[in-house]
Ligand SMILES: Cc1ncc(COP(=O)(O)O)c(C=O)c1O
């Protein structure tokens, strides 16, 4: 396995960052996960735009997006695989031990892991912890993801693959690594970005391609939605067949099935939509 680290490719065993890297000590970093099919990244331009937005939001130096593109190409070339999870990580770099950032420059890592296609439907739980729609990090894809680690572990314990959060005012927000959609009276709805969710790239494409509405929804919409589905880079559009104790028999239902098909067709037409 070859990894890109700060300007060049390295063997996995020799790719090393400092134990004082601010990404490690305080979670001062941002990341992107990009799907790569047969060595070709999907929607890379949108991922790089969001990387730059997250960097600005954290006050990190503007990433050199040409270098990031070169790094992605080099890592994909060096590690051929059918379905890959390309991971771009960009941190505050070598820093003092507190929350103040050092001046040695950022750390850039691009790595790749092999993955398999997700099942067409899955189970989710809701968790009592909230997403903060008014925080300094709201909407940024930062490496401060420990809340997601805790929630996803709870989901795994309960036989689910995703945990859905409300925000601080009890509205449906998002999952640990996905956005959520519901079908009500044949129409598709998803929480607006103002709910505090990440502006998911799959979410944006799904809204564009299915005509889904961005609607403030209470968390308990999950008790009555006709269909529920998730979107994310590695899930694409994935139906939900159970929310907590509520079974949604027949998932994927007709509206979700159509959304899955439209997504697959449009994504196959254009690798960088
Ligand atoms: C918190 C969170 N919400 C939503 C998503 C889905 O975003 P995308 O479709 O860009 O993968 C992610 C990304 O994995 C995420 O980390």
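Bear in mind that the values in this text are calculations on the coordinates, not laboratory data. Note that the coordinates shown come from a computational prediction; the quantities given were computed from them, not determined experimentally. Here Cβ is always computed from backbone atoms with ideal geometry, including for glycine, and neighbour counts include all displayed protein chains.
A few comments on the model shown:
- Which numbered condition residue 212 fails, given (1) surrounded by 22 or more Cβ atoms within 10 Å (Cβ to Cβ); (2) in contact with a strand residue (DSSP E or B) (Cβ under 6 Å, 6 or more places away or on another chain): (1)
Residues checked against (1) part of a loop (DSSP other than H, G, I, E, B); (2) within 15 Å of the chain's Cα centre (by Cα); (3) away from the ligand (no atom under 15 Å from the Cβ); (4) within 23 Å of residue 235 (Cα to Cα):
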{"site": "47", "(1), (2), (3), (4)": "no, yes, no, yes"}
{"site": "76", "(1), (2), (3), (4)": "no, no, yes, yes"}
{"site": "80", "(1), (2), (3), (4)": "yes, no, yes, yes"}
{"site": "88", "(1), (2), (3), (4)": "no, yes, no, yes"}
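- Within region 156-179, the set of residues being in a loop (DSSP other than H, G, I, E, B), within 21 Å of residue 247 (Cβ to Cβ) and within 9 Å of the ligand (Cβ to nearest atom) comprises just one member, 178.
- Residue match in region 253-271 (condition: within 13 Å of the ligand (Cβ to nearest atom), assigned to a loop (DSSP other than H, G, I, E, B) and out of contact with any strand residue (DSSP E or B) (no Cβ under 8 Å at 6 or more places or on another chain)): no
- Matching residues, region 49-74, being part of a loop (DSSP other than H, G, I, E, B) and in contact with a strand residue (DSSP E or B) (Cβ under 6 Å, 6 or more places away or on another chain): 63
- Residues being under 19 Å from residue 236 (Cβ atoms) and surrounded by fewer than 20 Cβ atoms within 10 Å (Cβ to Cβ) - total across region 190-206: 2
- Number of residues in region 190-211 that are more than 24 Å from residue 169 (Cα to Cα), touching a residue at least 24 places away in the same chain (Cβ under 8 Å) and more than 9 Å from the ligand (Cβ to nearest atom) equals 2.
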